[in-house]
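The values are calculated or read from the model by the stated rules, or taken from the named source; none is laboratory data. Computed from a predicted model, the values in this text were never measured in an experiment. Cβ atoms come from the backbone with ideal geometry, glycine included; neighbour counts cover every protein chain shown.
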Amino acid sequence: MTAVARTRAELAAARATLGSTVALVPTLGALHEGHRSLMRRARGIADESVVSIFVNPLQFAAGEDLDRYPQPLEADLAMCAEEGVALAFVPSRAEMYPREPVVRVVAGAMGQRFEGASRPGHFDGVLTVVAKLFGLVRPDVAVFGRKDAQQLALVRAMVADLNLPVRIEAAPLIRDHDGLALSSRNVYLTAQDRATALALPRALQAGAHAANVGRAPADIVAAARAVLDAQPGADTDYVALVDPDTFEDLDAGGPAVRLAVLAVAARVGSTRLIDNESVEVTA
C-alpha cells in the first residue's frame, strides 16, 4: 500500500518514517510504463521510494497544454502501489506555491537551447520545482528518464553547481511496441497522428546508422532530418547532435570517439513530441 501525502506537513511526517536511503521519482502524473521503469530503478537502488505527482504550472508556457494535461490520479496511485512505492507526494498548486515565487532557479544558456528555445522559461520552471522537491523530500538519489535528455543534463548541472546532496540516476528511454517513445502526451494522438509520429524514431534510426558507419556530425544530422522533414503531417522543430552534458552542438573534430545525443522534436497534429538516441561519433 502506498501512503499518500498531500501537504508539506504530511510529507515531513511520512518522510521521517522511511528507510535509511530514499529515492525520488519526480513526475507530472499520467503515469505510463516509462514511469513504471523509473519506479523499479528507484526500488533497486534505495531502501524506499517516493513518487511526486504534480502538474507544475511554472514549466508550461502560455498556450501550452496545462489545463488539459491528463491527471488520472487513481490510476497513478494504483501503479505506485503495484511497484511498491512507499510514499506518493500529491500536493496542490497552493501547497507547492503558497505565493508567486520571488526566487526561481534559472537554467542559464543551456536552458535556452533546443527545448528551451521552443518553450521559453520551461527549464527555469522545471529546475525550480525539482529544487523544491529535493528540499521537501530530501532524497538520497533521484531518478530521471533519458527521454528528457536536456532536462536530465540540466538537473545534473544544477545539482553540481549548487552542491545539492542528491545523486542523479538516469534510467533508459522506454519505447512502445511500435517504437514510439512513451510519453504522457501520446494520449492526445489520433491513430493517424500516431502513424505520423513514428517518423521520429525512424529519423533517429537513420541518424544512428550514419553514426555507426563513421559519418561526420553534419551528415548524421542530415540523415535524421531528411526522414523527419519528408513525413507529411510532421512539423519539424529541430534535429541536433549534441554533447550529452552541455547540450552544445557537436562539431567535426575533437576526440576520436565521442558519445553524443541525437535529439529531435516535431509537432504532430496538436501535439509536440520529442525523442532522442545516444550515438557514438567517430568522425
When residues of segment 222-235 are limited to those that are surrounded by 19 or more Cβ atoms within 10 Å (Cβ to Cβ) and of a type outside the set (G, A, S), the one farthest from D275 (Cα to Cα): Q231
Screening L152, L133 for residues that are out of contact with any Cys (no Cβ under 7 Å at 6 or more places or on another chain), under 25 Å from V242 (Cβ atoms) and either at pLDDT 95 or above or of a type in the set (S, T, Y) (or both) leaves only L152
Got a number for residues in segment 82-95 being in a loop (DSSP other than H, G, I, E, B) and surrounded by fewer than 19 Cβ atoms within 10 Å (Cβ to Cβ)? 2
Leading residue by the ranking (surrounded by the most Cβ atoms within 10 Å (Cβ to Cβ)) among those in segment 54-81 that are farther than 15 Å from G29 by Cα and in contact (Cβ under 8 Å) with a residue 24 or more places away in the chain: L58
Output the residue which, of all residues in segment 181-197 that are among the hydrophobic types (A, V, I, L, M, F, W, C) and over 23 Å from S278 (Cα atoms), is surrounded by the fewest Cβ atoms within 10 Å (Cβ to Cβ). A191
Name the pairs: first residue in segment 258-270 and under 30 Å from A283 (Cβ atoms), second residue modelled with pLDDT under 95 and outside any strand (DSSP E or B), Cβ to Cβ under 6 Å, at least 6 apart or on different chains? A260/L250
Looking at (1) touching a His at 6+ places or on another chain (Cβ under 9 Å); (2) free of Cβ contacts under 8 Å to residues at least 12 places away in the same chain, which is the one condition that is false for A223? (2)
Every residue in segment 166-194 that is part of a strand (DSSP E or B) and more than 12 Å from the chain's Cα centre (by Cα), please. R167, I168, E169, R175
Name the residues in segment 96-126 that are small (G, A, S) and not in a helix (DSSP H, G or I), would you? A107, G108, G121
Within segment 23-59, how many residues are in a strand (DSSP E or B) and either outside the structural domain of L133 (by TED's automatic domain parsing) or touching a helix residue (DSSP H, G or I) at 6+ places or on another chain (Cβ under 8 Å) (or both)? 10
